[in-house]
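Chemist: Mind having a look at this structure? Questions to follow.
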Amino acid sequence: MNAPSESVIPFVRRHIGPDAAEQRRMLDQVGYDSAHALLEAAIPESIRLTDALDLPSAVSEEAATAELRAIAGQNRVMRQMIGLGYYGTHTPAVIRRNVLENPAWYTAYTPYQPEISQGRLEALLNFQTLVSDLTGLDTAGASLLDEATAAAEAMTLTRRAGKSTSNVFVVDSDTLPQTLAVLRTRAEPLGIDLHLVDADSPDLPEDYFGVLLSNPSASGAVRDHSALIERAHSDGALVAVASDLLALLMVTSPGAMGADVAVGSAQRFGVPMGFGGPHAGFMSVRKGLERSLPGRLVGVSKDSAGRVAYRLALQTREQHIRRERATSNICTAQVLLAVMASCYAVYHGPVGLRGIAGKVHRTAVRLATGLRAGDVELVHEQFFDTIVAKVPGRAEGVVAAAAGLGVNLRKIDADHVGVSCDETTTDSDLLAVWRAFRVPSGSHSSTTSAIPSVLSRGEDYLRHPVFSAHHSETSMLRYLRRLSDADFALDRGMIPLGSCTMKLNATTQMEPISWGEFAHIHPFAPADQARGYAKMIADLAGWLAEVTGYDAVSLQPNAGSQGELAGLLAIKAYLDARGETEREVCLIPSSAHGTNAASAVMAGMRVVVVACDAEGNIDMADLDAKLTEHGPRLAAIMVTYPSTHGVYESAITQLCERVHDAGGQVYVDGANLNALLGFAKPGKFGADVSHLNLHKTFCIPHGGGGPGIGPVAVRAHLADYLPGDPREKTPVGPVSAAPFGSAGILPIPWMYLRMMGAKGLTDATAQAVLAANYVASRLADHYPVLYSGNKGLVAHECILDLRGLTKESGVTVDDVAKRLIDYGFHAPTMSFPVAGTLMVEPTESEDLGELDRFCDAMIAIRGEIDKVSSGQWPGDDNPLKAAPHTAQALAETDWPHPYTRAEAVFPAGVTAGKYWPPVGRIDGAYGDRNLACSCPPPEAFGD
Ligand SMILES: *Cc1c(COP(=O)(O)O)cnc(C)c1O
């Protein structure tokens, strides 16, 4: 008998679903002796690794937690009064525990299947309503990546939506410095010139297409921009205003000042700083611009029974459909954080929020009064929460003195110090600040306002009943439960989404993100307060370099799309530095993810599509033709490996060689790394750069559509061109606001790698590939598997081709996807990368029971399709067309269908514990024709 200490189950056995006996059964089905033998057969020999990964050996969940605790302990939590777009906030415990820490929310997928996503869609609709109300503009989207990238999106929106042909974008010089830095990165490849102006006495250029103003500004000033906006409009430009939701509770909105667009961050609505992210960036626009909004937009529509139902609106704008004509590359956004911010608003309501804003403002006024009483001069008289003090030659000393008292202030230059108040600021913080400035501390009153009456908000907001209904914790708890109960997430069952790797997000990985030592660090805190972050980041960057075979890694990009942009900008900068400025063509195979083409356009490249052959591989003859045609202009090729068709293309090394011979760089989209880890390294088989999706392969949960992290990994020659710190001048500049992007969730991949080790990762890859081949093998007689590679094997996902069945029976992929809901599953990826198909990625985390349940459901559905083909069920009235079936539909006295109620909701294998969709099939087109993107009035829910 083993001693108890030796029988502790290692984490890898928790992570990988099937046990040894189940794996055996799966191997028998697929016809291999071992998973490693299967991988040897599937992966081309030319790219296969011979050595094990060099990673620290795996430790238990407890040991990894203890190690990370010690690392977290090297961070020093201070009172953060730096401001600059990041503020202290109290996350209501009911929201922290029941949203941020609740798998029903954080393991959900992007709501592409709206019938099983009504809860998060409602929460996002609340977010849109919140943003649109507070900014005074008609339509808000369901989150962007951060304030700086939202400002960059506003820049390009004003350019394409306006009529001006100018390439000049005017920017308020009192804009957050990191926003300015990201604008510079994003403007350059698009040939946009930034023209900085002083908002108080703007020296406007002759011709310009758009303007970005700030209110409140980076230095805390609140200004009336109405006249400037009017002038810009008469000059033919559109105007965006960067703002702050808390300030907008008291200050006149951008909309009321005439702005066309508003952007900002919803961080201080209950989302911790996390050393820079993740937080929900927001954007809202006036009527007429809604179709130009980047990112996802939630809208109201109706279901098959005429009930109000939500779904993503205007999907045709999505980058996977528009590809090189896309206007933005945003895919993964910040859904979980947008949900948190909207819940903060629901919990506090308009009166509570106004109370918080009022308290913050009074605190700032008291702070200012005390400073003035001590003869410290302030730069602005009109402010909301931030003051800038003139302290000639003393800034360094004041900031140091404050740090000595546990408070971080902002050193602007040698003569100026910024101080920002927030909802967590206490009297003792004020005392510390006064002491640091060496002014006497009295009990300064705060009766006057520093917001002039012309800027004092008169507009109403948050009148929708949802913002007044859940102010008791009991009611809020039940509201959150009601919403999450409406949704299907990984906590209910498998989400077999191709390309999205919906694997286990282990609780042990999630816990550290709530630790104060990670949650409460300001992204611009002095380095000696963030040593724990530095250590964690260095560990992760090193491990990710090792597993990918690259030389350098930047963790700054806060989604895969942003990693793509960063990687392409690195290529462009490298080529430019070599004097090869004419290289601007980016080859992209027709099967690529839509973000690839969109990112290439944003990097200033021209997209040329390379065809795929009948087997789904890149057509090497077409590649050669394109290389010949574009040779001297070739910048790069972007390929996904294994391909989005779910196969290991054996020509990959050849492809890399030919592109290099033609003078181009090779970008390998790393979203499918779950099929490679431990078996092959892109950095070693010929690629120069990749982005990874830590929210796919490395266990950051999908959050219902974000957050994510999209690190960019490069070979040594590109290392100088990785994204830079927004505070420094670097060759490429930053791609996100914070130096380390969404650093607050880095503990998740850190814990994953620490607990898996080299062998664990390799075993996970083998199991992921085994599972996909098992599913392909079990389903092959029922649905043709579209593509396979070596020895008829697929990689970590497989494409089921329904086109023939659709032709015979009229049953579409949509019908199958909705029918799967009745069987208790989330649908696979629909019609990507091939229209009329379903792409299934089971991942290593699903056990054999769940895999079989899925295969059985798909086989049973095939039987149902056959009944339609044979005429047993009419083409327009069968369980597939009517799916999903709600409990309400079942309770109708009248049951007009040719199949039974039991066949509808309890088909073979479905038990009483099944998931019930709250709405029937949603009519998306109706909602697009009648676009409504904020909370519908309560009357809409009547009969
Ligand atoms: C998910 C994905 C992306 C985009 O990543 P985001 O994090 O959503 O921006 C790019 N390429 C492929 C192949 C993907 O699967």
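Chemist: Just the residues that are of a type in the set (D, E) and surrounded by 22 or more Cβ atoms within 10 Å (Cβ to Cβ), please, taken from the stretch 423-432.
Modeler: Correct list: D429 only.
Chemist: What helices (runs of 4 or more DSSP H) completely inside the stretch 845-943 contain at least 1 residues that are at pLDDT 95 or above?
Modeler: 848-869, 887-891, 901-905
Chemist: In the stretch 224-251, how many are part of a loop (DSSP other than H, G, I, E, B) and surrounded by fewer than 22 Cβ atoms within 10 Å (Cβ to Cβ)? Walk me through how you get there before you give the answer.
Modeler: Taking the stretch 224-251 first, the residues part of a loop (DSSP other than H, G, I, E, B) are 224-225, 235-237, 245-246, 250.
Now drop any that are not surrounded by fewer than 22 Cβ atoms within 10 Å (Cβ to Cβ), which leaves 224, 235-236, 250.
The qualifying residues number 4.
Chemist: Moving to a separate point now. Which of the residues that make up the stretch 360-386 are of a type in the set (A, V, I, L, M) and closer than 15 Å to A436 by Cα?
Modeler: Going residue by residue through the stretch 360-386, those that are of a type in the set (A, V, I, L, M) are 360, 364-365, 367-368, 371, 373, 376, 378-379.
Result: L367, A368, L371, A373, V376.
Chemist: Applying the selection to the stretch 545-568, what residues are within 20 Å of the chain's Cα centre (by Cα) and aliphatic (A, V, I, L, M)? Can you show your working first?
Modeler: Start the filter on the stretch 545-568 by keeping residues that are within 20 Å of the chain's Cα centre (by Cα), which leaves 553-568.
The answer is V553, L555, A559, L565, A566, L568.
Chemist: Give me the pairs, please: first residue somewhere in the stretch 574-600 and in contact (Cβ under 8 Å) with a residue 60 or more places away in the chain and closer than 15 Å to H645 by Cα, second residue anywhere and aromatic (F, W, Y) and more than 14 Å from the ligand (Cβ to nearest atom), beta-carbon distance under 7 Å, and either six or more positions apart or on two chains.
Modeler: If the second residue must be aromatic (F, W, Y) and more than 14 Å from the ligand (Cβ to nearest atom), no pairs are left.
Chemist: Please report, ordered by residue number, the helices (runs of 4 or more DSSP H) entirely within the stretch 1-112 with at least 2 residues that are within 29 Å of the chain's Cα centre (by Cα) and buried (at least 18 other Cβ atoms within 10 Å of the Cβ). Outline the logic, then answer.
Modeler: Details: elements: 11-15, 20-30, 35-42, 61-72, 103-106.
It comes to 11-15, 61-72, 103-106.
Chemist: Going by the structure shown, is T595 of a type in the set (V, I, T) and surrounded by 24 or more Cβ atoms within 10 Å (Cβ to Cβ)? Break it down into steps so the answer makes sense when it comes.
Modeler: Numbers: of a type in the set (V, I, T): yes; surrounded by 24 or more Cβ atoms within 10 Å (Cβ to Cβ): yes.
Answer is yes for this residue.
Chemist: Of the residues in the stretch 899-914, how many are surrounded by 11 or more Cβ atoms within 10 Å (Cβ to Cβ), free of Cβ contacts under 8 Å to residues at least 60 places away in the same chain and of a type in the set (V, I, T)?
Modeler: Within the stretch 899-914, the subset surrounded by 11 or more Cβ atoms within 10 Å (Cβ to Cβ) is 899-901, 903-910, 914.
Narrowing further to those that are free of Cβ contacts under 8 Å to residues at least 60 places away in the same chain: 899-901, 903, 906, 908.
Keeping just the survivors that are of a type in the set (V, I, T) gives 900.
Residues flagged as surrounded by 11 or more Cβ atoms within 10 Å (Cβ to Cβ), free of Cβ contacts under 8 Å to residues at least 60 places away in the same chain and of a type in the set (V, I, T) within the stretch 899-914 amount to 1.
Chemist: Testing R366 on (1) surrounded by fewer than 24 Cβ atoms within 10 Å (Cβ to Cβ); (2) within 24 Å of L931 (Cα to Cα), one condition comes back false. Which one is that?
Modeler: Only one criterion in (1) surrounded by fewer than 24 Cβ atoms within 10 Å (Cβ to Cβ); (2) within 24 Å of L931 (Cα to Cα) is unmet by R366, namely (2).
Chemist: Here's a follow-up. Kindly check whether there is at least one residue in the stretch 769-781 that is within 13 Å of the ligand (Cβ to nearest atom), among the small types (G, A, S) and surrounded by 24 or more Cβ atoms within 10 Å (Cβ to Cβ). Walk me through how you get there before you give the answer.
Modeler: Step one: of the stretch 769-781, the residues within 13 Å of the ligand (Cβ to nearest atom) are none.
No, that holds for no residue.
Chemist: Specify the residue that is surrounded by the most Cβ atoms within 10 Å (Cβ to Cβ); the eligible residues are those in the stretch 850-861 that are out of contact with any helix residue (DSSP H, G or I) (no Cβ under 8 Å at 6 or more places or on another chain) and over 20 Å from K503 (Cα atoms).
Modeler: A860
Chemist: Next question, about the same structure. Among the residues of the stretch 693-704, is any in a loop (DSSP other than H, G, I, E, B), of a type in the set (V, I, T), within 15 Å of the ligand (Cβ to nearest atom) and in contact with a helix residue (DSSP H, G or I) (Cβ under 6 Å, 6 or more places away or on another chain)? First the steps, then the outcome.
Modeler: Of all residues in the stretch 693-704, those in a loop (DSSP other than H, G, I, E, B) come to 693-704.
Next cut, of a type in the set (V, I, T) only: 697, 700.
The next check asks that each one be within 15 Å of the ligand (Cβ to nearest atom); those that pass are 697, 700.
Retained after the next criterion (residues that are in contact with a helix residue (DSSP H, G or I) (Cβ under 6 Å, 6 or more places away or on another chain)): 697, 700.
The answer is yes, given that some residue of the stretch 693-704 is in a loop (DSSP other than H, G, I, E, B), of a type in the set (V, I, T), within 15 Å of the ligand (Cβ to nearest atom) and in contact with a helix residue (DSSP H, G or I) (Cβ under 6 Å, 6 or more places away or on another chain).
Chemist: Right, here's the next one. Go through the stretch 705-730 and count every residue that is farther than 25 Å from M502 by Cα and within 16 Å of the ligand (Cβ to nearest atom). Even if it seems obvious, please write down each step before you answer.
Modeler: From the stretch 705-730, those farther than 25 Å from M502 by Cα are 714-730; that's our starting set.
Narrowing the set further to residues that are within 16 Å of the ligand (Cβ to nearest atom) leaves 723.
The number of residues fulfilling the criteria is 1.
Chemist: Do we find that D528 is under 29 Å from I412 (Cβ atoms) and not hydroxyl-bearing (S, T, Y) in this structure? Don't jump to the end; show me each part of the working.
Modeler: On the way: under 29 Å from I412 (Cβ atoms): yes; not hydroxyl-bearing (S, T, Y): yes.
When the stated conditions are applied, D528 passes them.
Chemist: In this structure, is L677 out of contact with any Lys or Arg (no Cβ under 6 Å at 6 or more places or on another chain), within 12 Å of the ligand (Cβ to nearest atom) and either in contact (Cβ under 8 Å) with a residue 40 or more places away in the chain or assigned to a helix (DSSP H, G or I) (or both)? Explain how you work it out, then say what you get.
Modeler: Values: out of contact with any Lys or Arg (no Cβ under 6 Å at 6 or more places or on another chain): yes; within 12 Å of the ligand (Cβ to nearest atom): no; either in contact (Cβ under 8 Å) with a residue 40 or more places away in the chain or assigned to a helix (DSSP H, G or I) (or both): yes.
The answer is no for L677.
Chemist: Let me ask you something else. Report yes if G733 is crowded, with 24+ Cβ neighbours inside 10 Å, at positive phi and either in a loop (DSSP other than H, G, I, E, B) or away from the ligand (no atom under 12 Å from the Cβ) (or both), otherwise no. Full working, then the answer.
Modeler: Numbers: crowded, with 24+ Cβ neighbours inside 10 Å: no; at positive phi: yes; either in a loop (DSSP other than H, G, I, E, B) or away from the ligand (no atom under 12 Å from the Cβ) (or both): yes.
Taking the combined requirement at face value, the residue does not satisfy it.
Chemist: All but one of (1) aliphatic (A, V, I, L, M); (2) in contact with a strand residue (DSSP E or B) (Cβ under 6 Å, 6 or more places away or on another chain); (3) in contact (Cβ under 8 Å) with a residue 40 or more places away in the chain; (4) within 13 Å of the ligand (Cβ to nearest atom) hold for I637, so report the exception by its number.
Modeler: So the condition that I637 fails would be (4).
Chemist: Okay, moving on. So is L130 touching a Pro at 6+ places or on another chain (Cβ under 7 Å), among the hydrophobic types (A, V, I, L, M, F, W, C) and under 30 Å from G920 (Cβ atoms) or not?
Modeler: Details: touching a Pro at 6+ places or on another chain (Cβ under 7 Å): no; among the hydrophobic types (A, V, I, L, M, F, W, C): yes; under 30 Å from G920 (Cβ atoms): yes.
It is false that L130 is touching a Pro at 6+ places or on another chain (Cβ under 7 Å), among the hydrophobic types (A, V, I, L, M, F, W, C) and under 30 Å from G920 (Cβ atoms).
Chemist: I need a count of the residues in the stretch 472-491 that are in contact with a Phe, Trp or Tyr (Cβ under 7 Å, 6 or more places away or on another chain) and assigned to a loop (DSSP other than H, G, I, E, B). Reasoning before the result, please.
Modeler: Step one: list which residues in the stretch 472-491 are in contact with a Phe, Trp or Tyr (Cβ under 7 Å, 6 or more places away or on another chain), which gives 476, 484, 488.
Those still in the list that are assigned to a loop (DSSP other than H, G, I, E, B) too: 488.
Residues that pass the stated criteria total 1.
Chemist: Would you point out the residue of the stretch 392-422, among those that are surrounded by fewer than 21 Cβ atoms within 10 Å (Cβ to Cβ) and touching a residue at least 40 places away in the same chain (Cβ under 8 Å), that is farthest from T363 (Cα to Cα)?
Modeler: By that ranking, first place goes to I412.
Chemist: Residue by residue through the stretch 148-187, note down the ones that are farther than 20 Å from I82 by Cβ, out of contact with any Asp or Glu (no Cβ under 9 Å at 6 or more places or on another chain) and surrounded by fewer than 23 Cβ atoms within 10 Å (Cβ to Cβ).
Modeler: The answer is T156, R159, R160, K163, R184.
Chemist: I need the helices (runs of 4 or more DSSP H) fully contained in the stretch 316-421, keeping only those with at least 3 residues that are within 30 Å of E101 (Cβ to Cβ) and within 16 Å of the ligand (Cβ to nearest atom). Let's see the steps before the verdict.
Modeler: Details: elements: 319-322, 335-373, 395-404.
Once the helices (runs of 4 or more DSSP H) in the stretch 316-421 are filtered for at least 3 residues that are within 30 Å of E101 (Cβ to Cβ) and within 16 Å of the ligand (Cβ to nearest atom), what remains is 335-373.
Chemist: Given the conditions (1) surrounded by fewer than 21 Cβ atoms within 10 Å (Cβ to Cβ); (2) under 26 Å from the mean Cα position of the chain (by Cα), report the number of the one that A651 does not fulfil.
Modeler: The failed condition is (2).
Chemist: To continue, here is another question. Among the listed residues G270, G281, G276, G288, which satisfies the condition of being modelled with pLDDT of 95 or more, surrounded by fewer than 24 Cβ atoms within 10 Å (Cβ to Cβ) and small (G, A, S)? Break it down into steps so the answer makes sense when it comes.
Modeler: Numbers: G270 fails: surrounded by fewer than 24 Cβ atoms within 10 Å (Cβ to Cβ); G281 fails: surrounded by fewer than 24 Cβ atoms within 10 Å (Cβ to Cβ); G276 fails: surrounded by fewer than 24 Cβ atoms within 10 Å (Cβ to Cβ).
Checking each option against the conditions leaves just G288.
Chemist: Would you point out the residue of the stretch 599-612, among those that are buried (at least 21 other Cβ atoms within 10 Å of the Cβ) and not β-branched (V, I, T), that is nearest to the ligand (Cβ to nearest atom)?
Modeler: Let us first name the residues in the stretch 599-612 that are buried (at least 21 other Cβ atoms within 10 Å of the Cβ), namely 599-603, 605, 610, 612.
Those still in the list that are not β-branched (V, I, T) too: 599-600, 602-603, 605, 612.
Details: S599: 9, A600: 12, M602: 12, A603: 15, M605: 16, C612: 14 Å.
Among them, the one singled out is S599.
Chemist: Name the pairs whose Cβ atoms lie under 6 Å apart, with the first residue in the stretch 680-693 and aliphatic (A, V, I, L, M), the second within 14 Å of the ligand (Cβ to nearest atom) and part of a loop (DSSP other than H, G, I, E, B), and 6 or more positions between them or separate chains?
Modeler: L692/P711
The values are calculated or read from the model by the stated rules, or taken from the named source; none is laboratory data. These numbers were taken from a predicted model, which means no experiment stands behind them. Here the Cβ is made from the backbone with ideal geometry for all residues, glycine too, and neighbour counts use every protein chain on show.
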